[in-house]
Amino acid sequence: MSQSVGTLHQQVTGDLYAEVQTFYARQMRRVDALDIEGFAETFTEDGSVTHAGGQRQSGRAEMLAGMRANLPRYKDIAVRHWFGHLLIETDPADEDTVRVSYYTLVTQTDREGKVSFQPTFTVDDVLVRRDGRLLTQSRVIHRDSPAAAS
Amino acid sequence: MSQSVGTLHQQVTGDLYAEVQTFYARQMRRVDALDIEGFAETFTEDGSVTHAGGQRQSGRAEMLAGMRANLPRYKDIAVRHWFGHLLIETDPADEDTVRVSYYTLVTQTDREGKVSFQPTFTVDDVLVRRDGRLLTQSRVIHRDSPAAAS
Amino acid sequence: MSQSVGTLHQQVTGDLYAEVQTFYARQMRRVDALDIEGFAETFTEDGSVTHAGGQRQSGRAEMLAGMRANLPRYKDIAVRHWFGHLLIETDPADEDTVRVSYYTLVTQTDREGKVSFQPTFTVDDVLVRRDGRLLTQSRVIHRDSPAAAS
């Protein structure tokens, strides 16, 4: 099966697109299941998350402590993270590093089935491939704010 | 166009990822159009759906009857099913069977344009390829509920 | 990496699927950033948009004028366009023309983080590839309305 595709520099292949989407499908199932140990394992040992408010967690131990402190707020809700518009950039000089930017929408469904929404965010990740498996090395979360027209 | 990709067992290819997404794009257009005959045809003749409440419809005839009974509730709303985080698993011993898990969010827009949401669900499908075309053989729908932290 | 895939006429390849998704990821970042010049540049010079209300903008100059007139309504909100269920069709006789249909959901987040929703839409695009890069040649936006059961 062959089809004409664009010839731009660093055009993302279908295989890489599927690999990255599958990585996030697995990672988000873990965070949405409150499997915080399993979630931390999808990061490199020295992985970091910079939250929209500016706090930065560095290394799995710090991430776990931060998530554990937040668990009570998820006691009676089912959380789901929805992604949109992935932009995947590869580095020709380092095929095992992939930069990904994406939109996120987070739903919270309570026991009665009522759905509420967190503000939308845009996330910038650096993923690295180790032993054939993607891991998040760094994540920077930006809260979406009104744009200045240009 | 070649790019380094992961080497994990059963890594999903880009072609299969696109095929599965396209299958659902077609299937959901039918259900959202209330084309219940056309929707039933995207299942195998003996296909089954197990709903979140536990009821199970087995075979196209039962599915059609169930959907027909539900039609009145869609009289004045436009329904759209949104999918997220597809996880696609293939069976090396049977390349024409594909297991897919995904998140769903269902919007209902009334005639004034007001959007409301059903609770979120996670769905487990078994798809089979017959004469080069995917069909749903079984679908199990789970309503998302609060997770126990682990 | 090889996997069995369907053999239907015009099965979309993974590479094309990723190319089209990436095109929209870039185009929507521009419109959501209110970068109306950058957004217009993702259309062909003679590109057109037919809005759900029936108005039609033809050519980049008309598009820009229409978007500029609408800017004030986005002054204090962060807009995000979410896509679902892309259906991609290629023309074997013209590999550089791609027809795409997709669902859209538009979120508007105000400064307090409250999310509201526009009605859902279904969009039909014709994309063309020029110098290895996709551009929108025409876009027709349909507001989703209640379906008649069939």
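Can you name every residue in segment B:76-106 that is aliphatic (A, V, I, L, M) and modelled with pLDDT under 95? Spell out the reasoning first.
Of the residues in segment B:76-106, the ones aliphatic (A, V, I, L, M) are B:77-79, B:86-88, B:93, B:98, B:100, B:105-106.
Within segment B:76-106, just B:Ala93 meets the criteria.
Could you count how many residues in segment A:104-118 are over 18 Å from the mean Cα position of the chain (by Cα) and not hydrophobic (A, V, I, L, M, F, W, C)? Outline the logic, then answer.
Of segment A:104-118, the ones over 18 Å from the mean Cα position of the chain (by Cα) are A:109-116.
So of that shortlist, the ones also not hydrophobic (A, V, I, L, M, F, W, C) come out as A:109-114, A:116.
Looking only at that region, the number is 7.
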Practice task
Return the residue satisfying two criteria in turn: it lies in segment B:5-24 and is crowded, with 20+ Cβ neighbours inside 10 Å and of a type in the set (A, V, I, L, M, F, W, C), and of such residues it is nearest to A:Thr90 (Cα to Cα).
Solution key: B:Val5
Practice task
State all residues of segment C:131-143 that are in a strand (DSSP E or B), open to solvent by 40 Å² or more (accessible area, probe 1.4 Å) and within 14 Å of chain A (Cβ to nearest Cβ); if no residue qualifies, say none.
Solution key: C:Arg133
Problem - Evaluation of C:Gly113 against (1) at negative phi; (2) facing another protein chain (nearest Cβ under 7 Å) (one fails), failing number - result: (1)
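Name the single residue, out of those in segment C:84-103 being over 13 Å from the mean Cα position of the chain (by Cα) and of a type in the set (Ser, Thr, Tyr), that is farthest from the other protein chains (Cβ to nearest Cβ).
Initial filter on segment C:84-103 (over 13 Å from the mean Cα position of the chain (by Cα)): C:89-97.
Restricting the remaining residues to those that are of a type in the set (Ser, Thr, Tyr) gives C:90, C:97.
Numbers: C:Thr90: 6, C:Thr97: 10 Å.
Only one residue fits best here, namely C:Thr97.
Which of the residues spanning segment B:74-89 are of a type outside the set (A, V, I, L, M, F, W, C) and surrounded by 19 or more Cβ atoms within 10 Å (Cβ to Cβ)? So that I can check it myself, show each step before the final result.
Taking segment B:74-89 and keeping what is of a type outside the set (A, V, I, L, M, F, W, C), we get B:74-76, B:80-81, B:84-85, B:89.
Passing the criteria: B:Arg80, B:His81, B:Gly84, B:His85.
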Handout entry: Residue within segment A:31-47 that is surrounded by 15 or more Cβ atoms within 10 Å (Cβ to Cβ) and farther than 26 Å from B:Tyr102 by Cα present
Key = yes
Practice task
Just give me the residues in segment A:48-64 being over 25 Å from A:Thr109 (Cβ atoms), open to solvent by 60 Å² or more (accessible area, probe 1.4 Å) and small (Gly, Ala, Ser), in sequence order.
Solution key: A:Ala61
Exercise for the section: Considering (1) farther than 20 Å from C:Arg111 by Cα; (2) open to solvent by less than 40 Å² (accessible area, probe 1.4 Å); (3) at the interface with chain B (Cβ under 10 Å from one of its Cβ atoms), say which one A:Thr107 fails and leave the rest. Expected result: (1)
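I'd like the residue in segment C:117-130 that is outside any strand (DSSP E or B) and at the interface with another protein chain (Cβ under 7 Å from one of its Cβ atoms) and, out of all such residues, is least open to solvent (accessible area, probe 1.4 Å). Break it down into steps so the answer makes sense when it comes.
Taking segment C:117-130 and keeping what is outside any strand (DSSP E or B), we get C:118-120.
From the residues that got through so far, the ones that are at the interface with another protein chain (Cβ under 7 Å from one of its Cβ atoms) too are C:119-120.
Details: C:Pro119: 26, C:Thr120: 0 Å².
Ranking the candidates gives C:Thr120 first.
Quick grid of which residues meet (1) at pLDDT below 95; (2) within 14 Å of the chain's Cα centre (by Cα); (3) at the interface with chain B (Cβ under 7 Å from one of its Cβ atoms):
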| site | (1), (2), (3) |
| --- | --- |
| A:Ser2 | yes, no, no |
| A:Gln10 | yes, no, no |
| A:Gly14 | no, no, yes |
| A:Tyr24 | no, yes, yes |
| A:Thr44 | no, yes, no |
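The values are calculated or read from the model by the stated rules, or taken from the named source; none is laboratory data. Predicted, not measured: the structure shown is a model, and the values here were computed from it. Glycine gets a Cβ as well: all are built from the backbone with ideal geometry, and neighbour counts include every protein chain shown. Keep in mind that these areas ignore ligands, DNA and RNA; they rest on the heavy atoms of the full protein, side chains included. Shrake-Rupley method; radii C 1.70, N 1.55, O 1.52, S 1.80 Å.
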